[in-house]
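**Q** Below: one structure in structure tokens.
The values are calculated or read from the model by the stated rules, or taken from the named source; none is laboratory data. The structure displayed is predicted, hence computed values, not measured ones. Every residue, glycine among them, receives a Cβ derived from its backbone with ideal geometry; neighbour counts consider all protein chains shown. For the accessible areas, the whole protein counts, side chains as well, though only heavy atoms, and no ligand, DNA or RNA atoms are used. Shrake-Rupley method; radii C 1.70, N 1.55, O 1.52, S 1.80 Å.
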Amino acid sequence: MKRMSGLAHSLNAEALNQDVKKLHIYIREAASSGTAAHEVELGIWNQILAIGRQAFGTFLTLQGTGDLGASIRLADGREIMKLEAPHSKPLRTIFGKFELKRAVYGSRETQKIELVPLDTRLQLPASEFSYVLQDWDQALAVENSYAQTDTVLHRILGFHQPVDSLERMSKDMSQEVEGYRESQPIPPAREEGKILVVSADGKGIPMRRASGEAPILGHRSKGQKKNKKRMATVGTVYTIDPLIRTPSQVVESLFRDPKQKKPQPDKERPHPEHKQVWASLTHEKDGQEVNSADVVFGWLSGQAEGRNPKGNKVLVTIMDGQPSLWEMRKKYLPGQSVVEILDLLHVTPRLWMAAHVFHAEGSGAATEFVKERLLRVLQGDVGYVIGGLRQMATKVGLKGPKKKTLERICNYLETNRARLRYDEYLKAGYPIASGVIEGTCRHLVKDRMERAGMRWSLAGAQAMLDLRSTVLNGDWDAFTQYRIQEQTQRLYPYIRLVKKVEWPMAA
């Protein structure tokens, strides 16, 4: 047996040497003949892949089958026996697919496998895809469709991967995200800003029709949407230093002509520190429905407590006017000291709607109308703005849809009046717009999950949200290492035993 293994090794080593010589000859011939650089670049890459395949194949051959004798005694005193027939395992790597022949140990009576020494020694993943290939696959898949991921890697590596395998891989990989997230330490206090900002929003994800659900008919009833979406709750938390501004500066920045040169700021604008994002879909766990808002606000609460344990940071919550979000704030981030701010960018569209009740869209009068009232809102005169709008409606005898539109706007401002103290917020240097959460919804959900024709299963959508949030948090490399370590500990409880034995390398 050893003689055959040695022969296989010598053949592999010779093939590897021949491939290296071929590469050297190719380079000299290409240089001599003046081959175009792009052709040489691709030619070298293809030969490097061939060398890599030979090298990795040689590495696997040297490992042998992991035959450690007729029996192995475990730490608990039990003796497990080598089963008669070796077992095969496919292994897909960045160099292609290999087939491993492994000795396996367990109970001969039940044929239950308890130990595969070769898998343990090599710390192989549970699936047939190597950890490196999984990393490359999913690093691409979080940004591109699974089909496009296969297309790109096929151009680079020269082989295809089934799309359904890439999707399953995403779900498997995401199982470790929660554990990774919980294992992360709180950011160092010296790296944090003085204001702790928490924000949340909802974003719809197009879902696949559930099994057994009737297909959409040609005619839809009133209010029935063509695309079925499930709402994800998206949350973000970060710290930032104060930036004191005046109402006039804010208005000027919002209405600045994009063609004009942006004025140089007096000091560098503070940036969010240690921004973390996450999103969850409502799902079922142990037969009970788990609300996505409870999940995300529970996480935000933990983040706020960990990053502000002494309560010496100002806690600012910026969100839109959705009542359910503010109810969640009270539930998970209680306290009178929390500063509630209605996102200014949800106020300005309503001022534009009010302007178009009285003035033509695109007119200078409409622009001046908005600028004047926005300035008053930022100065803390929300009551003046609401009263003025209602007086104008009465004065011109507003009726019908326009009157209803204006009344909705006034009611919105009145309902959120306590969150519109922008004059106080600006003097304190608090952020007043939720650009961070808006950007998070776009980057985390829309850019990947709302492309034309995309439909998601609940498990597939949550897996993608988990993996994309890991990327956006800047944790991908650390997460992949964490995942490998966790899986190794779980899959290979006898790794210390295998490391202690003298390994029978192929001769």
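Let's see how each residue does on (1) without any contact (Cβ under 8 Å) to a residue 60 or more places away in the chain; (2) open to solvent by 10 Å² or more (accessible area, probe 1.4 Å); (3) part of a helix (DSSP H, G or I); (4) touching a Gly at 6+ places or on another chain (Cβ under 9 Å):
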{"site": "S88", "(1), (2), (3), (4)": "yes, yes, no, no"}
{"site": "F98", "(1), (2), (3), (4)": "yes, yes, no, yes"}
{"site": "T110", "(1), (2), (3), (4)": "yes, yes, no, no"}
{"site": "A126", "(1), (2), (3), (4)": "no, yes, no, no"}
{"site": "T149", "(1), (2), (3), (4)": "yes, no, yes, no"}
{"site": "V152", "(1), (2), (3), (4)": "yes, yes, yes, no"}
{"site": "E167", "(1), (2), (3), (4)": "no, yes, yes, yes"}
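**Q** Right, E84: of a type in the set (D, E), open to solvent by 40 Å² or more (accessible area, probe 1.4 Å) and over 30 Å from L133 (Cα atoms) or not?
**A** So E84 fits the description; yes.
**Q** So which residues in the stretch 378-412 are of a type in the set (K, R) and assigned to a loop (DSSP other than H, G, I, E, B), if there are any at all?
**A** K399, the sole residue that qualifies.
**Q** Here is a further query. Any residue that is open to solvent by 30 Å² or more (accessible area, probe 1.4 Å), over 28 Å from T239 (Cβ atoms), hydrophobic (A, V, I, L, M, F, W, C) and part of a helix (DSSP H, G or I) - is there at least one of those in the stretch 459-475?
**A** Taking every residue of the stretch 459-475 in turn, at least one turns out to be open to solvent by 30 Å² or more (accessible area, probe 1.4 Å), over 28 Å from T239 (Cβ atoms), hydrophobic (A, V, I, L, M, F, W, C) and part of a helix (DSSP H, G or I).
**Q** How many of the residues making up the stretch 468-507 are in contact with a helix residue (DSSP H, G or I) (Cβ under 9 Å, 6 or more places away or on another chain) and within 30 Å of L444 (Cα to Cα)?
**A** Of the residues in that region, 18 qualify.
**Q** Hey, another quick one. Go through the stretch 413-457 residue by residue and tally those that are assigned to a helix (DSSP H, G or I) and open to solvent by 60 Å² or more (accessible area, probe 1.4 Å).
**A** 11
**Q** Would you check which residues across the stretch 154-165 are touching a residue at least 60 places away in the same chain (Cβ under 8 Å) and outside any helix (DSSP H, G or I) and list them?
**A** Hits for the stretch 154-165 are G158, F159, Q161.
**Q** Here's another thing I want to ask about it. Looking at L444, L426, L420, can you tell me which residue is farther than 18 Å from T348 by Cα and among the hydrophobic types (A, V, I, L, M, F, W, C)?
**A** Of the residues listed, the single one that is farther than 18 Å from T348 by Cα and among the hydrophobic types (A, V, I, L, M, F, W, C) is L444.
**Q** What helices (runs of 4 or more DSSP H) completely inside the stretch 261-377 contain at least 3 residues that are open to solvent by less than 40 Å² (accessible area, probe 1.4 Å) and within 18 Å of C441 (Cβ to Cβ)?
**A** 292-307, 323-332
**Q** When you check E407 against the structure, is it open to solvent by 40 Å² or more (accessible area, probe 1.4 Å), free of Cβ contacts under 8 Å to residues at least 24 places away in the same chain, under 30 Å from G204 (Cβ atoms) and of a type in the set (D, E), yes or no?
**A** So E407 fits the description; yes.
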